[in-house]
Amino acid sequence: MAVINAALSGGGSFVNSYMQSGELVIVVVTTDSNGAVNDVSYFNASTGQPSTNGFGMSMNPNADQNQNLGAFLAANPSIAGTKFVNPYTPPPSN
Amino acid sequence: MKKIYCAAMLLLVSIQLQLSPAVAGERQNPAASIASCAVRTSDIAIPMTSKDIEDIVTRYGTDPTCSIRLPRVIESIFRNEQRNEEWAATLERIINQAAMSHGAKTTGICHASLCRYEIQLTPSVDSARSPHAVEHAVIAVTSGTPHQVDSLQSYGSNYRFTIYFYSTVVPAAFLEPLRKEMEYSQ
């Protein structure tokens, strides 16, 4: 779980999960300090290691749809539309 | 005995004839055996902006039915791409500089709209917290330039993975083959 925790402490903003090829995959969407989306990462829930199913993604936080999490999730409903099993609340900012 | 032998041979030949097209088809299209990708991007008929390119790739990458197919398709397109010296050399320089400044070892090459790099991070608190710092640096440096890219990561382990940088400048050569393979070759 160390890697997932690192992803979350690095600014994880949205967590979701789904089953794929017999693997429970956890999706973490991370944002930069301005709230713009810059990574989508996938982890194996059992091992805590990055999932080998599919790709992680890094994208330009300056692109229109990435400038806030809501717009990004609306544009990519597959992330938001699956069963939400592990909601993550970001730590309060100081 | 001869009749039985002949019948058996005929049966074997007919089975082989029935199997051959399927086997040949699978060899020509290695992604064919993977589940269908449910994403359709016909609402972006002709990609006009970098947002359109990013939008299409992100849809494939975030949909579970497509993401499992994506690595093999991207690798296949990368292998078939011819090198554009100006684009490739500039990006290779940027990627190598970003990797050096983050203490990462990289080996890789760019072609015309795709780059593939193997990256090995030095295990540390920083690299665990920000394993994509190299990609972020490359994306930031190229943003708004003719070499603008985003990236996809295929993992081997926490600190060692494969990165594909893809052009988000229209027209990106990889995009139509990608759409064809993801949406129409199933």
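The values are calculated or read from the model by the stated rules, or taken from the named source; none is laboratory data. For clarity, every value in this text was computed on a predicted model and none was experimentally measured. Please note: Cβ atoms are built from the backbone with ideal geometry, for glycine as well, and neighbour counts cover all protein chains shown.
Listed conditions (1) within 8 Å of chain A (Cβ to nearest Cβ); (2) more than 16 Å from B:F78 (Cβ to Cβ) are all met by B:Q153, apart from (2). Of all residues in the range B:104-115, those that are assigned by TED's automatic domain parsing to the domain that holds B:D126 have Cβ atoms under 7 Å from Cβ atoms of residues that are of a type in the set (V, I, T) and in a strand (DSSP E or B), 6 or more apart or on another chain, in B:A104/B:I119; B:T106/B:I119; B:C115/B:I109.
Of the strands (runs of 3 or more DSSP E) lying entirely inside the range B:64-166, those carrying at least 2 residues that are on the phi < 0 side of the Ramachandran plot and out of contact with any helix residue (DSSP H, G or I) (no Cβ under 8 Å at 6 or more places or on another chain) are B:114-120. Of the residues screened, B:V125 is not one that is touching a Ser or Thr at 6+ places or on another chain (Cβ under 8 Å) and either over 24 Å from B:D55 (Cα atoms) or free of Cβ contacts under 8 Å to residues at least 60 places away in the same chain (or both). Considering B:L70, B:L91, the condition of being at pLDDT 50 or above, aliphatic (A, V, I, L, M) and in contact with a Phe, Trp or Tyr (Cβ under 6 Å, 6 or more places away or on another chain) is satisfied by B:L70 alone. Considering the conditions (1) touching a residue at least 24 places away in the same chain (Cβ under 8 Å); (2) out of contact with any Phe, Trp or Tyr (no Cβ under 7 Å at 6 or more places or on another chain); (3) within 12 Å of another protein chain (Cβ to nearest Cβ), B:H132 is excluded by exactly one of them, (1).
For the range B:69-77, the condition holds for at least one residue, the condition being that it is within 7 Å of chain A (Cβ to nearest Cβ) and of a type outside the set (V, I, T). None of B:P47, B:P64 is within 12 Å of another protein chain (Cβ to nearest Cβ) and modelled with pLDDT of 50 or more except B:P64.
Please verify whether A:F43 is in a strand (DSSP E or B), without any contact (Cβ under 8 Å) to a residue 60 or more places away in the chain and more than 8 Å from chain B (Cβ to nearest Cβ), treating the condition exactly as stated. The answer is yes for A:F43.
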